[in-house]
1. Is it the case that some residue within region 31-44 is under 13 Å from residue 88 (Cα atoms), of a type in the set (A, V, I, L, M, F, W, C) and either modelled with pLDDT of 95 or more or buried (at least 23 other Cβ atoms within 10 Å of the Cβ) (or both)?
2. Output yes when any residue across region 194-204 is at pLDDT below 90, loosely packed, with under 15 Cβ neighbours inside 10 Å and touching a Gly at 6+ places or on another chain (Cβ under 7 Å), and no when none is.
3. Find the helices (runs of 4 or more DSSP H) located wholly in region 81-180 whose residues include 2 or more that are without any contact (Cβ under 8 Å) to a residue 40 or more places away in the chain and open to solvent by 30 Å² or more (accessible area, probe 1.4 Å), and list them.
Amino acid sequence: METKKMHFPTGTETDKAVIAGASPVVQDTQLVDIVLPSDANGAFVWGVLDRLLDEPGLSFGNITASGFGAMEAAVLAYGLALGGRRGARTALTNFWRRVSHASMFSADTANPLRSILEQSIDIADIRKKSCPVSLNILASNARTDAVKIFTNEQLSLDAILAAATIPFLFPAVEIDGDTYWGGGDLSVLPFVHPVEAGHRLIVAGKPSLFVTPCADRRLAASHCAMKCTPIHAMFDSRRQAGAALFSRPWTDWGDLTDTRDRGRERVEDWLLTDHLAVDERPAVDSKNRYV
């Protein structure tokens, strides 16, 4: 039986016991909902999440993800559930080490994502009510193109793998007698309100299309709440314009960490501009919302 413990030259152990030894998560003062469309650059998303985990004044509410971001969202939730912020950062780093390792042998296997995910999370810990993050994982029905949302209680390894599966390049994943793969379009979904007043951060592959003017007040996604949720967006401006959906989301470790660091820098700039302060400025016409 394959062990989930892996070792890498850096000296970082990718054992779940490392995560379990960290301190539990603490609820903080400012909630941020995360949205990860299927075109988001995976390693850039890693950097964004990694930097947000450094902020003791922030906590994650809902994470809505499709594409490769679905795997990162699950890893983040697993790490937070077992070891708080430190556990989440460790889980994400170990996950990406597995991804980098798998890329060296990608020609020898059809789709290594299942093995990577099985080594990186325990789905039972994510489905517990005590999990500090609420996940909404999106996948498309391979027959009808209809988008299905898998929430915490519906989550499975297959659901997460389906969301991360590149259509037509890899076979669709069977779930409850139907088949699903990635590419879920977040823009067709009803607006999901946060548990309490907070902010929504969209990490996309290009300037976000999910922010539209709000007829009632300042802004909204699909519908307007009594008090509109501030929406912010960021993307990797150095990513190649034609970065294809059909290309693999990984490469060598040096390139991965360079992209991760760009994600951390974007969040650093975003925090320095005090975007999380509650004010009356419109976000739609504020150019620095896209950092």
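The values are calculated or read from the model by the stated rules, or taken from the named source; none is laboratory data. No experiment lies behind these values; they were computed from the predicted model shown. Ideal geometry is used to build each Cβ from the backbone, glycine not excepted, and the neighbour counts take in all protein chains shown. Just the protein is used for accessible areas: all its heavy atoms, side chains included, with ligands, DNA and RNA removed. Shrake-Rupley method; radii C 1.70, N 1.55, O 1.52, S 1.80 Å.
1. Within region 31-44, not a single residue is under 13 Å from residue 88 (Cα atoms), of a type in the set (A, V, I, L, M, F, W, C) and either modelled with pLDDT of 95 or more or buried (at least 23 other Cβ atoms within 10 Å of the Cβ) (or both).
2. Yes, region 194-204 has at least one match.
3. Counting at least 2 such residues, we get 123-127.
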